[in-house]
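Heads up, the thing below is written out as structure tokens.
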């Protein structure tokens with residue numbers, strides 16, 4: 001029983017971790033909280049639904065459709081709103097408001113396109129459950145964990161082994177010096193937007209078979225992603241992953257042993273406590 | 001001359017607000033008018049906090065909820081009157097704001113936005129889950145209109161009641177803004193360290209403003225509850241907080257007249273876009289985005305730069321410099 005609860009916690013934790021990771025990525029490169037991150041996840045899930053259920057595309061194509069569309073959306077947001085605002089050196093709060101405006105737009109547009117009601121997508125595997133050592137495991141849980149692990153390893157390799165990835169890191173770390181070294185900072189910012197949107201979209205495609213997908217799903221998952229990033233430490237993507245797993249497991253344990261009503265409260269309360277006691281997060285470095 | 005036209009506009013607006021019920025008896029207009037008043041109260045408070053002091057808050061709906069729930073639960077369960085329960089709600093909201101504000105307002109910008117956002121989520125989840133106490137998602141029913149000297153305040157009388165309270169709050173906030181306190185608040189917004197080194201107790205001021213804004217929101221909440229005569233947790237979600245924020249930004253940050261104009265526009269807009277009710281969020285989002293991108297000073301900012309433009313065109317004695325245009 002415990003193992004099963006733990007596994008379902010880790011599964012949701014992976015989703016929060018992916019959203020939190022995307023969140024930390026944009027924050028690192030632009031110092032802006034992307035309040036539309038959850039909407040990226042929702043749009044990713046919706047595009048995957050459109051690909052597999054409506055267009056009946058093969059799985060891989062549908063995945064490409066989803067990630068591709070979201071990358072375009074991210075580039076659009078960056079070019080239309082964030083870049084002009086940065087050029088005008090607008091207040092950070094104005095950019096946060098711009099993201100809030102985008103999230104309202106996306107939510108409403110997807111309600112127009114896909115309707116308000118929850119939709120279903122099929123899992124990655126035909127068999128729904130299987131047993132390991134007497135524990136019933138949802139096969140989609142496994143898919144979520146494997147996908148998360150693979151995508152995070154790829155991202156890690158990208159950021160630490162390739163020149164391009166290091167340039168993204170460099171311009172996030174010190175914009176001016178990176179610029180002086182010949183890094184095109186704007187391209188790097190766009191890249192981090194794209195990667196952030198793509199990871200969230202991927203999280204959306206893998207969460208679809210576990211949870212129902214609907215235009216309002218983005219809000220809650222997005223906020224838990226923020227919680228993951230904040231708990232782990234905004235400056236550190238690794239922290240966001242750990243934070244996500246921690247929140248997922250705690251939530252699932254609380255939900256099964258105490259009450260589901262309070263498991264949702266937990267994420268927010270936990271985030272508030274971390275913000276009060278250690279605003280830089282568990283793994284974060286204090287920023288001044 | 002400029003002051004004269006400005007006062008002329010506000011005077012005309014006031015006369016209109018006081019007199020139109022004489023000519024029209026449509027209860028729908030009263031309802032809309034009262035909703036505008038409620039929104040103005042919330043927006044003025046948030047504007048003092050966000051516009052003047054620079055502290056973003058997404059927890060405004062929580063205090064709105066505290067005002068609405070405290071007053072109505074006290075009335076429904078213990079039978080005390082509106083005139084006692086509403087002040088109790090206001091005091092409770094201010095106390096909660098002080099307790100929450102003391103740790104929260106140490107945070108800045110994004111972190112403040114996130115912390116207040118999670119506070120808002122926590123209160124709404126509490127309202128839904130504490131069924132025995134708040135009625136859960138079914139909400140509170142059986143709320144009665146307040147009575148004054150044996151006369152029930154509803155329709156036209158409630159309209160005047162809300163109008164007078166709104167004016168009162170407008171005057172209070174205007175006086176705060178024009179006082180030394182207002183100066184301190186704007187210094188905090190511009191540079192908190194500098195304000196601190198000039199002897200402004202920044203945390204105390206921020207918490208004070210937070211509590212004041214919460215108190216006004218609680219009053220608005222109670223007024224809303226006694227207008228709708230039914231409340232449920234749905235009304236008091238993060239969306240409500242964002243809506244107030246949108247009103248403040250659209251009207252024009254750090255302008256009290258902006259908060260009023262923003263509230264009027266944002267309350268009337270969905271009514272005018274009748275049939276577009278479904279796409280309210282879309283319209284809000286687009287308007288907000290356009291204003292952020294092209295007119296960060298809001299509607300009031302657009303109006304005053306248009307006025308300056310017209311004046312510089314009319315004033316042919318001066319060389320045509322784009323001075324008034326910023």
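Computed from the coordinates by the stated procedures, all read-outs in this text should not be read as laboratory data. Note that the structure is a prediction, hence the values are computed from the model and not measured. Virtual Cβ from ideal backbone geometry, glycine too; neighbours counted across all protein chains shown.
Things to note:
- Top of B:121, B:41, B:151 by mean-square fluctuation, Gaussian network on chain B, Cα under 10 Å: B:151
- Between B:312, B:145, B:71, the GNM of chain B built on Cα springs shorter than 10 angstrom shows B:312 fluctuating the most.
- Gain in span if fully extended, residue B:189 to residue B:98, counting 0.36 nm per residue against the direct Cα distance: 30.8 nm
- Alpha carbon Rg of region B:84-186, scaled by the compact-globule rule 2.2 N^0.38 Å: 1.43
- Considering only alpha-carbon pairs that sit under 8 angstrom and 6 or more positions apart, the relative contact order computed for region A:1-106 is 28 percent.
- Along each principal axis, taking the top coordinate minus the bottom one, the Cα set of region B:156-198 gives 51, 14, 10 Å in descending order.
- Nitroxide proxy distance, nm - points 7 Å out along Cα→Cβ at residue A:150 and residue A:216: 3.4
- Per residue of B:119-132, other chain Cβ atoms within 10 Å of the residue Cβ number 3 on average.
- Order of B:203, A:221 under a 10 Å beta carbon neighbour criterion, fewest first: B:203, A:221
- Three-way shape call for region B:30-238 based on the alpha-carbon gyration tensor, with the a/c threshold at 1.5: oblate
- Short-range pairs are left out: with C-alpha atoms under 8 Å and at least six residues apart, the relative contact order of region A:2-287 is 38 percent.
- For chain A, the orientation-averaged shadow of the C-alpha convex hull comes to 15.6 nm² (one quarter of the hull surface).
- Average other protein chain Cβ within 10 Å of Cβ, residues A:89-95: 5
- Angle of helix B:180-190 to the longest C-alpha principal axis of chain B, folded into 0 to 90 degrees and rounded to 10: 80°.
- Hull volume in cubic angstrom per residue (convex hull over the Cα atoms of the protein assembly as shown): 183
- Considering only B:125, B:163, B:105, the mean-square fluctuation computed in a Gaussian network model of chain B, springs between alpha carbons under 10 angstrom, is largest for B:125.
- Counting Cβ atoms of other protein chains within 10 Å of each Cβ in A:261-271 and taking the mean gives 4.
- With a simple spin-label model that places each label point 7 Å from the Cα along the Cα-to-Cβ direction, the separation between residue B:268 and residue A:61 comes to 5.3 nm.
- Gain on full stretching of the segment that runs from residue A:129 to residue A:163 - 0.36 nm per residue minus C-alpha separation: 8.0 nm
- Acute angle (nearest 10 degrees) that the helix B:280-294 long axis makes with the longest principal axis of chain B, alpha-carbon atoms: 30
- Taking other C-beta atoms within 10 angstrom as a stand-in for reagent exposure, B:7, B:52, B:111 fall in the order B:7, B:111, B:52, fewest first.
- Relative contact order [Cα under 8 Å, 6+ residues apart], chain B, whole percent: 29
- Folded to 0 to 90 degrees: helix B:2-23 orientation relative to chain B principal axis, Cα: 30
- Going from the fewest other Cβ atoms within 10 Å to the most, the residues A:181, B:120 appear in the order A:181, B:120.
- Overall form of region B:3-94 per C-alpha gyration tensor (a/c, 1.5; a/b vs b/c): oblate
- For region B:208-314, the alpha carbon convex hull comes to 139 Å³ per residue, rounded to a whole number.
- Ratio Rg/Rh, restricted to region A:155-288 and using Cα atoms, in which Rh is the Kirkwood radius: 1.04
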